[in-house]
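Read the structure below first, then the notes.
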Amino acid sequence: MKLSSKKGKVQCIDGEILEKLSLKTRNKFLNYNLMSFLDPKYSNFLKQVQKFFENFEKTNKITHNEDFYEWIPEIGKNGYISRLHKFEDIGLNYEPHGMTSEFMRILAMDFFDPQLTMATGATAISVNPILLHNEDVDIRLRALKELVTGEKIGCICITEPERGSDAVHMQTTCEEQEDGSFLVNGEKIYQTNGSKADWAVVYAVTEKNNGNTMAQFLVDTSWDGWTAERVNIPWTPRMHVSKENLVNLKVPPECVLGKPGEGMSHLFEGLNLERLSIVCLNIAEAWNAIAHAVIYANMRKQFNKEIFKYQGVGFTLSNLWAQTTSMTLATLNVCQMIDDKMEQLGTLPKEFNLALGTTASQLKLLSAKLSERVVYECANLMGGAGVCDNTLMHDLLGISRLQEIGGGTRQVQSHILSSALRNIFKQL
Ligand SMILES: Cc1cc2nc3c(=O)[nH]c(=O)nc-3n(C[C@H](O)[C@H](O)[C@H](O)COP(=O)(O)OP(=O)(O)OC[C@H]3O[C@@H](n4cnc5c(N)ncnc54)[C@H](O)[C@@H]3O)c2cc1C
């Protein structure tokens with residue numbers, strides 16, 4: 001039997017089915033679904049990233065039980081950490097790039113390894129503020145290049161033990177020194193990659209609870225005053241999520257990405273695209289689960305028939321498939337609108353970006369819920385095979401349960417949407 005895309009301790013699934021659940025076949029399933037909608041520029045890119053991961057898995061005999069952080073340099077060297085930008089500022093020339101390309105990158109990487117994809121997302125998000133505010137400063141460009149090319153790992157530090165959803169009223173303080181540096185003091189928590197990160201983007205305020213005094217810093221985690229402890233999140237055992245203690249952490253002037261007063265707008269400026277990246281991740285997880293369940297149900301026999309032929313299985317899968325396809329098409333449409341605007345104008349117009357905030361929240365709300373339900377139902381349709389450790393279904397089950405929390409909870413998205421609806425009413 002050839003290696004499957006995941007190897008558990010005890011083989012529970014029939015060898016022939018396990019072989020068919022390979023990365024290659026699941027990728028093929030995804031491609032059949034997407035090819036008629038995608039511009040060749042993107043379908044070719046999707047296939048290119050898929051091929052990379054198929055080869056990577058085979059060459060390195062990957063079982064998906066490994067420490068995936070060790071794979072990052074190789075992935076980065078090949079240009080698959082972030083595709084949101086061209087990255088000309090650091091001498092790269094990524095083509096294709098943009099929101100649709102990022103969606104393709106996330107799909108291909110998620111089919112290979114969902115936990116790796118979520119962790120890489122945190123590095124990709126930390127790249128955005130450094131890119132936007134690099135101002136040609138050497139250390140910022142170095143951090144940017146190291147993160148994008150996978151030499152180093154990044155994290156973003158917003159959440160605190162006492163300030164989660166209420167991120168604006170931070171407790172972590174920063175105090176300006178005579179030489180223009182800042183001393184940062186406080187605690188952060190639930191940072192994806194925190195204890196593995198080499199570079200961090202940290203937010204702090206000069207006055208506790210006053211978001212208008214917020215600043216944004218680039219931090220080298222080897223500096224004195226930074227310590228990070230890993231938090232145990234049992235649903236994603238291979239991903240590092242951490243709690244950081246910042247004690248008189250000295251940030252030099254060249255690492256001040258946003259002075260006090262600029263931090264809050266810096267925090268919000270990239271939020272729409274970051275939230276949309278999470279939407280892409282949610283959709284990728286749903287497709288990955290559907291690919292597993294469709295293959296499995298078409299091969300597994302009970303009562304002398306493939307279980308797919310029982311309406312309880314086939315119709316349930318059809319329903320999950322319809323919902324996931326619809327969510328994919330909606331997201332592709334939004335990605336394309338963003339890419340068109342960026343190509344025509346080089347930036348997103350203010351009015352468009354404002355409307356996009358609502359759209360990103362709508363998609364985040366629905367896709368997180370969808371991903372959790374689709375993954376659970378697919379695992380359920382696979383019986384014991386869906387919950388044992390022989391396939392990536394187990395990883396998908398864990399990770400899809402986190403998606404309603406990170407990147408703004410379900411209630412926070414609903415809160416944003418109800419405010420937006422109220423504003424529309426006021427304009428009638
Ligand atoms: C796996 C994982 C990765 C993460 N990665 C990062 C990261 O990289 N960087 C980072 O900075 N943070 C990260 N976070 C933190 C994440 O953004 C927060 O967990 C989230 O914002 C919620 O904050 P909290 O956990 O303190 O919950 P709380 O804010 O305490 O919320 C608890 C509950 O109360 C509800 N609630 C809160 N306020 C309201 C309200 N006004 N109306 C209605 N309901 C409300 C929430 O929806 C939730 O259900 C991560 C979290 C997880 C779980």
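The values are calculated or read from the model by the stated rules, or taken from the named source; none is laboratory data. Just so it is clear, the structure is predicted and the values come from calculations on it, not from any experiment. Using ideal geometry, Cβ is built from the backbone for each residue, glycine included, and neighbour counts are taken over all protein chains shown.
Which residue out of E343, E372 is under 30 Å from Q11 (Cβ atoms) and either aromatic (F, W, Y) or in the same structural domain as H292 (by TED's automatic domain parsing) (or both)?
The unique qualifying residue is E372.
Grab the helices (runs of 4 or more DSSP H) fully contained in segment 309-428, keeping just those with 2 or more residues being touching a Cys at 6+ places or on another chain (Cβ under 8 Å).
311-345, 384-387, 393-400
Return the only residue of T172, T206 being under 16 Å from K259 (Cα atoms) and in contact with a helix residue (DSSP H, G or I) (Cβ under 8 Å, 6 or more places away or on another chain).
Exactly one residue qualifies, and that residue is T206.
Any chance segment 61-84 includes a residue that's modelled with pLDDT of 95 or more, within 16 Å of the ligand (Cβ to nearest atom) and surrounded by fewer than 18 Cβ atoms within 10 Å (Cβ to Cβ)?
Yes, the conditions are met somewhere in segment 61-84.
Listed residues S165, S126, S181; which is within 16 Å of the ligand (Cβ to nearest atom) and assigned by TED's automatic domain parsing to the domain that holds K243?
S165
Condition test on N232, is it more than 16 Å from the ligand (Cβ to nearest atom) and not assigned by TED's automatic domain parsing to the domain that holds S318?
So N232 fails the test.
I'm checking my understanding of the structure. Among residues of segment 129-162 that are in contact with a helix residue (DSSP H, G or I) (Cβ under 6 Å, 6 or more places away or on another chain) and near the ligand (Cβ under 10 Å from one of its atoms), which one is nearest to A204 (Cα to Cα)?
In this case the residue turns out to be I156.
I need the full set of residues from segment 331-345 which are crowded, with 17+ Cβ neighbours inside 10 Å and acidic (D, E), in order please.
D339
Would you mention how many residues in segment 239-258 are over 22 Å from P161 (Cα atoms) and surrounded by fewer than 18 Cβ atoms within 10 Å (Cβ to Cβ)?
Residues meeting the conditions: 3.
Go through segment 387-400 residue by residue and tally those that are within 15 Å of the ligand (Cβ to nearest atom) and of a type outside the set (D, E, K, R).
Within segment 387-400, residues that are within 15 Å of the ligand (Cβ to nearest atom) and of a type outside the set (D, E, K, R) number 5.
Taking the condition over 21 Å from the mean Cα position of the chain (by Cα), at pLDDT 95 or above and among the hydroxyl-bearing types (S, T, Y), does S318 pass?
Yes.
Report those helices (runs of 4 or more DSSP H) wholly inside segment 1-98 carrying at least 3 residues which are of a type outside the set (D, E), farther than 30 Å from D136 by Cα and in contact with a helix residue (DSSP H, G or I) (Cβ under 7 Å, 6 or more places away or on another chain).
Helices (runs of 4 or more DSSP H) meeting the threshold: 23-34, 40-59.
Could you tell me which of the residues E262, E285, E274 is touching a residue at least 40 places away in the same chain (Cβ under 8 Å), within 17 Å of I156 (Cα to Cα) and in contact with a helix residue (DSSP H, G or I) (Cβ under 8 Å, 6 or more places away or on another chain)?
Only one candidate passes the filter, namely E274.
Can you tell me which residue among Q427, Q411, Q403 is of a type in the set (S, T, N, Q), within 16 Å of the ligand (Cβ to nearest atom) and more than 22 Å from L84 (Cβ to Cβ)?
Q411
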